[in-house]
1. Among the residues of region 80-87, are any under 23 Å from CYS45 (Cβ atoms) and surrounded by 10 or more Cβ atoms within 10 Å (Cβ to Cβ)?
2. Being surrounded by 11 or more Cβ atoms within 10 Å (Cβ to Cβ), among the β-branched types (Val, Ile, Thr) and part of a helix (DSSP H, G or I) is the filter here; which residues of region 40-79 pass it?
3. Which of the following residues is over 20 Å from VAL122 (Cβ atoms) and within 16 Å of the chain's Cα centre (by Cα): PRO31, PRO44, PRO72?
4. For THR17, all conditions in the list (1) surrounded by 12 or more Cβ atoms within 10 Å (Cβ to Cβ); (2) modelled with pLDDT of 80 or more hold save one; what is the number of the exception?
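The values are calculated or read from the model by the stated rules, or taken from the named source; none is laboratory data. Worth saying up front: this structure is predicted, and the values here are computed from it rather than measured. Here the Cβ is made from the backbone with ideal geometry for all residues, glycine too, and neighbour counts use every protein chain on show.
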Amino acid sequence: MKIVGVLPPSGTTLGLTGGTLVFAACINFMPGGLMQLGIGLYAPCLILASLLGIDPIAAFTIMMESCASLMPVGSLQFIRERRFDRRMAIGLAIGGVPGVLLAAFVVKSLPLQGLYWLVVIVLSYAPILMLRLAMQAPALAGTAES
């Protein structure tokens, strides 16, 4: 909505207090829970922060902290049951170093308009993919019975 001019261009708030902080924390639990189902947290968290008037640069700190707090707790059961691909985990850990460097030196210099469009693309791609899989699921279930 900011991209097309319906909402103000950008927030300037660097933090929240009182009821607004409690509201934001409670609402942020929803995408945090959905992250455990494979739906990302960054884009919904950025949208929440933007709607609350938080500066987009400050929102990145909130997004990173949310995931940093969520991921260890969410992964405990998978680690305990050894239900993860070790090679993939090592690849992601190694790829994280260049990813952080890329974010530190490239993403922070992106114009916010480009970043907002990137969020729109990610938020559009995920539900489309999920709908396609959901429409294929009944067909796949029918073939499993025969």
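1. Step one: filter region 80-87 for residues under 23 Å from CYS45 (Cβ atoms), giving none.
No - not one qualifying residue is present in region 80-87.
2. Applying the first criterion (surrounded by 11 or more Cβ atoms within 10 Å (Cβ to Cβ)) to region 40-79 yields 40-67, 69-71, 74-75, 78-79.
Adding the requirement that they be among the β-branched types (Val, Ile, Thr) leaves 47, 54, 57, 61-62, 79.
Of everything in region 40-79, those that are surrounded by 11 or more Cβ atoms within 10 Å (Cβ to Cβ), among the β-branched types (Val, Ile, Thr) and part of a helix (DSSP H, G or I) turn out to be ILE47, ILE57, THR61, ILE62, ILE79.
3. Working: PRO31 fails: over 20 Å from VAL122 (Cβ atoms); PRO44 fails: over 20 Å from VAL122 (Cβ atoms).
Only one candidate qualifies: PRO72.
4. (1) is the only condition that THR17 fails.
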